[in-house]
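The values are calculated or read from the model by the stated rules, or taken from the named source; none is laboratory data. Since we're looking at a predicted model, the values are computed, not measured. Positions of Cβ are backbone-derived with ideal geometry, glycine not excepted, and every protein chain shown enters the neighbour counts.
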Amino acid sequence: MDPVLELINLVVHFHTQDGIVYAVNGVSYAAEAGKTLGIVGESGCGKSVSVLSAMRLIPEPPGKIVAGEIFYQGQDLLKLDKAGMQDIRGKEMAMIFQDPMTSFNPVLTIGHQISESSIVHFGIGQKEARQRSVELLELVGIPQAVDRFDDYPHQFSGGMRQRAMIAMALSCNPSVLIADEPTTALDVTIQAQIVDLIKDLSERFDMAIIWITHDLGVIAEIADRVVVMYAGYVVEEADVFDLFENPSHPYTLALLKSLPRVDTYSSEKLATIPGSPPDCLSLPPGCPFAPRCVYAVDQCRHENPPLDQSSFEHQIACWVDITTGRER
Amino acid sequence: MSSNQVLVKVEQLKKHFPITQGIIIQRQVGAVRAVDDITFDIYKGETLGMVGESGCGKTTAGRTILQLYRPTEGKVIYDGVDLTTTKGETLRKMRRRMQMIFQDPYASLNPRWTISRIISEPMRVHKLNSGKARLERVKELLDLVQLNTLYLNRYPHEFSGGQRQRIGIARALASDPEFIVCDEPISALDVSIQAQVVNLLEDLQNRFGLTYLFIAHDLSMVRHICNRVAVMYLGVIVELASRDELYDNPLHPYTQALLSAVPIPDPKETRARQRIILTGDPPSPIDPPRGCRFHPRCPIVKDLCSEQVPEWREILPGHWVACHEG
């Protein structure tokens, strides 16, 4: 199946006072209709920057999309002008943000903010927009939606605000829904509600979902395919079951090993990854993970391994085969 | 290792924050009942986990135990001394023995102070060591938390989140305490750094026989680090048991729902699990529901639940629960 949204070799830099931040360094991934693509990585690994670039929401300057292509249903978004992009943003591709408190305008009602995009994109009237928005609020499970339409964001709880944000994102029936850490600020019981809601919506409307998170547990629950990012590079990409069964990049493996589990107890110490993630202002030569990697060989310190795309099923960027500990 | 000796005894502890109205003549119109009658013991050398969702009062409970907030009612008996009636110099002397590690490693270190000054502050307050001995102690502490002693004269902004949390831990250890309240010490850190800090906390506990009250919302990490776990909901403890007992045999419906909602990093298992999905959000602690506070969201609610507060009772040895069921 053809992907709805595809990023090819995307490179994004930020020009700051301290120098150039190499935020995204040649990232490719694709989202398919009805499927959820999980992007996982730690803070500063470029996962958010890559999707913000796809939405053309990177402030320029200081940011700059240096190279690459972003195709939405065959159309290169990087070649569109401002007006062309505005037709797509919010209508074809919508986004949910991490912090539902700061993403709403506190002085406008929830209903006003949800109606806005259907008024802009569909040119419908206030009355019709109101009716539509109430339906959307009901769809995402907000009780007494008719009454809550005129509430302000502070009158909603965190979980409800996130639901309202999902309603806002869905208002123009987008084919791509980008969720940037949508449950990180929420409690686990609310997180479970939101995960279920988005899963259900994705199936019902055949949307492509891109779900960004640092939580491998959430990824295991929702994703169909997973992209693991580190320091602006994709280091591993695979089907979700394959990834958790055969993690093949030393970083993915180390991350999975360092996680305790709620369903079992082991008295062993947690495995750790020494050091901390690199500073994207000055990436080490060679593989960015090499300074923290237990498998690193000489080559890793000089030459950055490309993502091996020979097999679609499971792609890895590593010189070493971790099952044998020897170079590939 | 934990013993049977009680270090901290918390009895019917309450902390209410007043809500006032009026600018000049302020009158109290209500109260946020952040902690509303909790009773439990903390044993010497153990790690007691305190879990619950945001707003359930777990941080307030930790701070009230340390007397950073004075309780509205109830007692905190630390090693035989009731802290709630102690004040002045006597309380300060007690404070040396209990410390806190904070959640946000960015906000909890003074940006204008050097690392050396930050770590030696508790020693200055409690008049421990002086001059050269104090500096030596700072170096020793940096060593303990695995930071380079050359960092002495640097400022907090020069460090990463994980390193800052180590500085916070070194400061907590400076007065040689026996009891440390760890208030979500790892939630602000990246996944790959969390394990480092948890291992460090465990090492320090084994080395110095520390007692921890570990406040967290990450139930997987709590299972790893704690000996016993207390589950809080809307200002009250609903269940308290030893680690394996609580995770393998949760009795309170809230604990059951909470545990079933935690994702497992294994797609096969996490998708095969039966989950209990609670509806709605936790109510406000200003006007908590009558009877059992969990009853509006409880999947097995009975008539009795909305009328009568369930008794806090020991159902199995060491397994306490507040529920009319079972």
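Taken over region A:288-311, the criterion of being part of a loop (DSSP other than H, G, I, E, B) and within 15 Å of A:Val27 (Cα to Cα) is satisfied by A:Pro288, A:Asn304, A:Pro305, A:Pro306, A:Leu307, A:Gln309. When A:Gln315 is tested against (1) outside any strand (DSSP E or B); (2) closer than 28 Å to A:Ile178 by Cα; (3) touching a strand residue (DSSP E or B) at 6+ places or on another chain (Cβ under 8 Å); (4) not hydrophobic (A, V, I, L, M, F, W, C), exactly one condition is not met: (1). Among all positions in region B:16-30, there is no residue which is within 16 Å of the chain's Cα centre (by Cα) and part of a strand (DSSP E or B). Each residue in region A:170-211 was checked for being farther than 15 Å from A:Gly159 by Cα, surrounded by 21 or more Cβ atoms within 10 Å (Cβ to Cβ) and within 14 Å of another protein chain (Cβ to nearest Cβ), and 1 pass. A Cβ distance below 7 Å, combined with a sequence gap of six or more or placement on separate chains, defines the contacts here; from region B:51-65, residues that are within 14 Å of chain A (Cβ to nearest Cβ) and within 18 Å of B:Arg293 (Cβ to Cβ) reach residues that are at pLDDT 90 or above and assigned to a helix (DSSP H, G or I) in the pairs B:Val51/B:Leu219; B:Val51/B:Val222; B:Gly52/B:Lys58. Based on what the data block shows, is A:Ser115 under 21 Å from A:Ala179 (Cβ atoms) and among the hydroxyl-bearing types (Ser, Thr, Tyr)? Considered against the rule, which asks whether it is under 21 Å from A:Ala179 (Cβ atoms) and among the hydroxyl-bearing types (Ser, Thr, Tyr), A:Ser115 comes out as no.
The one condition from (1) outside any helix (DSSP H, G or I); (2) facing chain A (nearest Cβ under 9 Å) that B:His324 does not meet is (2). Going through (1) away from chain B (no Cβ under 12 Å); (2) more than 21 Å from A:Arg292 (Cβ to Cβ) one by one, A:Met229 falls short only on (2). Filtering region B:266-295 to residues that are modelled with pLDDT under 90, under 30 Å from A:Leu253 (Cβ atoms) and in a loop (DSSP other than H, G, I, E, B) leaves B:Arg273, B:Gln274, B:Arg275.
A quick yes/no check of all residues on (1) farther than 21 Å from B:Asp36 by Cβ; (2) out of contact with any strand residue (DSSP E or B) (no Cβ under 9 Å at 6 or more places or on another chain); (3) within 11 Å of chain A (Cβ to nearest Cβ):
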| residue | (1), (2), (3) |
| --- | --- |
| B:Arg207 | yes, yes, no |
| B:Asp218 | yes, no, yes |
| B:Val238 | no, no, no |
| B:Asp287 | no, no, no |
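Scanning region A:271-291 for residues that are within 12 Å of chain B (Cβ to nearest Cβ), without any contact (Cβ under 8 Å) to a residue 40 or more places away in the chain and crowded, with 18+ Cβ neighbours inside 10 Å yields A:Thr272, A:Ile273, A:Ser276. Please verify whether A:Pro277 is more than 24 Å from B:Gln163 (Cα to Cα) and in contact with a strand residue (DSSP E or B) (Cβ under 9 Å, 6 or more places away or on another chain), treating the condition exactly as stated. So A:Pro277 fails the test.
In region A:138-168, which residue that is closer than 22 Å to A:Glu92 by Cβ and away from every other protein chain (no Cβ under 14 Å) is surrounded by the fewest Cβ atoms within 10 Å (Cβ to Cβ)? Filtering first and then ranking leaves A:Leu139. Scanning region A:232-270 for residues that are within 20 Å of the chain's Cα centre (by Cα), within 7 Å of chain B (Cβ to nearest Cβ) and aliphatic (A, V, I, L, M) returns A:Val240, A:Leu255, A:Leu256.
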